[in-house]
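Peer 1: Can you read through this structure? Questions will come right after.
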Amino acid sequence: MSRPGYALSPWPWRSAGYLLTGALTGAVLLVGLVVSAVAGGVLALALVGLPLLLGTALAGLPVARLERARLRLVDGDPAPDPHLPPAAPGLRAWLITRLRERATWRELGHAVLFAALLWPVDALALTAGLLLPAAVTATPLLMATVGDGREAKVLKLWTVTSWPAAAAAAVLGVALLAVGAYLLGVAAGARAGLTRLLIAPREAGLHAVVTELTRSRVRLVDAFEAERRRIERDLHDGAQQRLVALTMTLGLARLDAPPGPLADQLARAHDEAGRALEELRELIHGIHPQVLADYGLAAAVADAADRSAVPVDVDLDLTGRLPGSVEAAAYFVVCEALANVARHSGASRARVGGGHRDGRLLLEIGDDGRGGARAGAGSGLTGLADRVSVLDGRLTLSSPVGGPTLLRVEIPCAPCLPCETAEHCA
Amino acid sequence: MRDGRALRVALAEDSVLLREGLTGLLQRCGHEVVAAVGDAEALVAEVRERDPDIVVTDVRMPLGFQDEGLHAAVRLRAERPALPVLVLSQYVQHRYASDLLDSGDGTGIGYLLKDRVGRIEEFVTALSEVADGGTVVDPEVVRQLLRRRRDPLERLSPREREVLALMAEGRSNGAIARALVVSEAAVGKHVGGILAKLDLPPADGTHRRVLAVLAFLRA
């Protein structure tokens, strides 16, 4: 507005449009609200009015939506919708979500304020900023038409009877129009600011950004997990099958080969292929163990314990399956912890305990080793802590020098669901 | 090479390469492959129709690429409890072996690592063993389980545990005696000790070995 040429830009007209639509909407809204509230209140005695009252209570929603759209007339920044998507499809879930949201009630407040107070202000600003100057400017036109060239009333306040006076009024009107352009701008700006404060607060936008960031982090982890599975499948269906076929062929060739240097070389090749297959199997298992996908965390942890060089006692209280990302994160934490126990702790025994309690997966991996472990020192735990934190979880390590070491992982997640197929958790 | 009778084998393996290879191998060893299919559904249908002597199946197969083969085997065993099944797995996991051993009456079961196919003689021996109602569990599973040392196996002496592990691999007393370089009578004594310590009453004759292996696997 402080720029030169503002009065000639489209902005005064956009402001006028904003105020005009505001005044019209507000008037309609006032009638609608009063009628539905009164009708609902009266009919509530016979219960049929209750849905009507509920509808009135939710009237803020469409009004706020319209207002956010109207804001675009005078405000370049998009106004974000502060509402959350309902938890489930269907009218009931939608109603519950909306009725619990603070934004819904703030929007109802805005609708009432709009109907009672704001739209007359809109109309007043529009009249003072546009209609009155326009009427003054139109004086010569009035004199030529209604006044038959002899007289015209300016704003019904005073009368002009000569063409020079009419021309002077017109000049005054143009000057007033220029002033009015600023008035419209100020009024529309203040009005838009107030509206935004009530129905599209800036912190809601910030909150949305944070939510979106968190979601994208979760998506990234999910994509990473999907990629792991893809690599595992490719190796399994491709390289591993070929190697098995190769060892089979070499095994058959060994049976046919007469004793001698050829048989010896075949035997070496056969053993070599067997070792390659073994390494590949370990590699595939490390990428994404199939037992985790098939049987879930408890079985996969038992499997990891079986493979551990240090004897491990497992005491996990899990009856069903958890979300895939939670299972994967928890499994890799256990594997890394057990690998650390075997590598650094000097422990003679380790244990993995925990379960699903109060909406959280709790895991504790302890050992009777010498302690002194640190999360940072290249232990791989830092990466795992990051991964757990993406799921809103926490990883804590207690490892005084002299031991014992205890690693705790907490990840909030939905309760264990009973397995979908009975044979999976027999 | 041709130890035992010629068997009618139903084979399920989704990799064409491996399926062809296995078919060739089995035929070379004098067995007849009556069905060679690429997914679990086809396996179930073929087995119902052709009534083979033994089923050899991969664990992971289309469409879900999870444990379809295993489930098909369990399903088939529910229909025909004595149907011998040899499962080939990408890697050892006693969870899969336990599921399989729980099916039917626990006899005629094999659970082997796919790598084992390359050791032709071992594989063919295991196949005959399973077809004759034996129980063969991959030495890798056995090795992992031995690390755990938990009840009820804690009561067993180290020697008895060794014997039990070899039993789980499907070996006879004679074979165990050769492996441990002891007399067959000594093995018999150990087996008796194992059965007593695992509370397997002497009344139930033939299945006690299998029950001992099951106890071992579930420990």
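The values are calculated or read from the model by the stated rules, or taken from the named source; none is laboratory data. Keep in mind the model is a prediction, meaning the values are calculated, not measured. Reconstructed Cβ throughout: ideal geometry from the backbone, glycine too, with neighbour counts over all protein chains shown. Just the protein is used for accessible areas: all its heavy atoms, side chains included, with ligands, DNA and RNA removed. Shrake-Rupley method; radii C 1.70, N 1.55, O 1.52, S 1.80 Å.
Peer 1: First measure r as the distance between the Cβ atoms of A:T145 and A:A190, then evaluate 1/(1 + (r/R0)^6) with R0 = 51 Å and state the FRET efficiency to the nearest 0.05.
Peer 2: 0.85
Peer 1: Go through B:D132, B:D58, B:D99, B:D53 and list them by solvent-accessible area, largest first, probe radius 1.4 Å.
Peer 2: B:D132, B:D53, B:D99, B:D58
Peer 1: Here's another thing I want to ask about it. 5 Å is the cut-off here: which amide hydrogens, built 1.01 Å from N in the peptide plane, fall below it relative to B:V136, excluding neighbours closer than 5 in sequence?
Peer 2: Under 5 Å from the amide H of B:V136 lie the amide H atoms of B:I109, B:G110, B:Y111, each far enough along the sequence or on another chain.
Peer 1: For region B:162-174, take each phi angle, set θ = phi - 60°, evaluate the Karplus expression 6.51 cos²θ - 1.76 cosθ + 1.60, and give the result in whole Hz per residue in order, putting x for glycine and proline.
Peer 2: 4, 4, 4, 4, 6, 4, 5, 7, x, 7, 7, 4, x
Peer 1: Rounded to the nearest 500, what is chain A's calculated 222 nm mean residue ellipticity when only DSSP H runs of at least 4 contribute -39500 (n - 2.57) each, over all residues?
Peer 2: It lands at -19500 deg cm²/dmol.
Peer 1: So, one more: Please go through region A:330-399 and write out the trypsin sites (Lys or Arg not before Pro) that DSSP classes as loop and that have at most 15 other C-beta atoms within 10 Å.
Peer 2: A:R349, A:R374
Peer 1: Give me log10 I(q)/I(0) at q = 0.17 Å⁻¹ for chain B, Debye formula, one equal scatterer per alpha-carbon, no solvent.
Peer 2: Here log10 of I(q) over I(0) equals -1.16.
Peer 1: Let me ask something additional. Roughly how many Å² is the accessible area per residue of region A:215-287, as a whole number, for a 1.4 Å probe?
Peer 2: Accessible area per residue: 58 Å².
Peer 1: Given 20 °C and 1.002 mPa s, how large is the Stokes-Einstein diffusion coefficient of chain A in µm²/s, with Rh as the Kirkwood radius over Cα pairs?
Peer 2: 73
Peer 1: At a probe size of 1.4 Å, how large is the accessible area of B:V210, to the nearest 10 Å²?
Peer 2: For B:V210, the solvent-accessible surface is approximately 20 Å².
Peer 1: Suppose a student asked you for the relative contact order of region A:168-303, using Cα pairs under 8 Å spaced at least 6 residues apart; what percent would you report?
Peer 2: That works out to 23 percent.
Peer 1: Also: How big is the A-B contact in terms of buried accessible area, both chains counted, 1.4 Å probe, rounded to the nearest 100 Å²?
Peer 2: 3600
Peer 1: Once you have a ≥ b ≥ c as the square roots of the Cα gyration tensor eigenvalues for region B:90-140, tell me rounded if a/c is under 1.5, and otherwise prolate or oblate according to whether a/b is larger than b/c.
Peer 2: In terms of gyration-tensor shape, oblate.
Peer 1: Using a 1.4 angstrom probe with every protein chain in place, what is the largest-first accessible-area order of A:T214, A:T319?
Peer 2: Solvent-accessible surface, decreasing: A:T319, A:T214.
Peer 1: Can I ask one more? Using alpha-carbon pairs under 8 Å, 6+ residues apart, how would you state the relative contact order of region A:215-287 in percent?
Peer 2: Relative contact order of region A:215-287: 44 percent.
Peer 1: Suppose each label sits 7 Å from its Cα in the direction of the beta carbon; what would the A:L131-A:L8 distance come out to in nanometres?
Peer 2: Calculated label separation equals 2.9 nm.
Peer 1: Separate question: Take the eigenvalues of the Cα gyration tensor for region B:45-132, scale each by 5, and report the square roots as semi-axes in whole Å, largest first.
Peer 2: In descending order, the three semi-axes are 18, 16, 13 Å.
Peer 1: Same structure, new question: What would the Debye equation give as log₁₀ I(q)/I(0) for region A:1-131 at q = 0.10, 0.17, 0.19 Å⁻¹, counting only Cα atoms as equal point scatterers?
Peer 2: Ignoring solvent entirely, the Cα scatterers give -0.43, -0.98, -1.12.
Peer 1: Carbon and sulfur together cover what percent of the accessible area of region A:215-287 at a 1.4 Å probe radius?
Peer 2: 59
Peer 1: Label-point separation (nm) for B:D51 and A:E227, each offset 7 Å from Cα along Cα-to-Cβ?
Peer 2: Distance between label points: 5.5 nm.
Peer 1: Mean shadow of region A:173-288, computed from the convex hull of its alpha carbons, in nm²?
Peer 2: Mean projected area of the Cα convex hull: 14.0 nm².
Peer 1: How much mean residue ellipticity at 222 nm does chain B get from its helices, if each DSSP H run of length 4 or more adds -39500 (n - 2.57) and you divide by all residues, to the nearest 500 deg cm²/dmol?
Peer 2: -15000 deg cm²/dmol
Peer 1: Tell me the Kirkwood hydrodynamic radius of region A:294-425 in angstroms, computed as one over the mean inverse distance between distinct C-alpha pairs.
Peer 2: One over the average 1/r among Cα pairs gives 14.8 Å for region A:294-425.
Peer 1: Also, quick follow-up: Taking chain B as a Gaussian network, where each spring joins two C-alpha atoms under 10 Å apart, which residue of B:R116, B:R95, B:R60 fluctuates the most?
Peer 2: The residue with the greatest mean-square fluctuation here is B:R95.
Peer 1: Here is a further query. Enumerate the lysines that B:K189 could reach by cross-link, defined here as Cα to Cα under 28 Å, with residues fewer than 8 away along the same chain left out.
Peer 2: B:K197
Peer 1: Report the accessible area of A:M248, computed with a 1.4 Å probe over the heavy atoms of all protein chains in place, in Å² rounded to the nearest 10.
Peer 2: Ignoring ligands and nucleic acids, A:M248 comes out at about 10 Å².
Peer 1: Report in % the part of the accessible area of region A:1-89 that belongs to carbon and sulfur, leaving out ligands and nucleic acids; probe 1.4 Å.
Peer 2: C and S fraction of accessible area: 77 percent.
Peer 1: For region A:54-155, state which trypsin sites (Lys or Arg not before Pro) are in a DSSP loop and have at most 12 other beta carbons lying within 10 Å of their beta carbon.
Peer 2: The qualifying sites are A:R150.
Peer 1: Another question about this same structure. Where in chain A are the DSSP H helices whose alpha-carbon span along the long axis reaches 30 Å or more and whose Kyte-Doolittle mean is at least -1.0?
Peer 2: Span-like helices, by this rule, are A:11-43, A:163-199, A:202-234, A:261-287.
Peer 1: Grab the beta carbon distance between B:A186 and A:S398, set R0 = 60 Å, and tell me the FRET efficiency rounded to 0.05.
Peer 2: 0.75
Peer 1: Show the residues, 5+ positions off or on another chain, whose built amide H is closer than 5 Å to the amide H of A:D368.
Peer 2: Here the answer is A:S348, A:R349, since their amide H atoms fall under 5 Å of that of A:D368.
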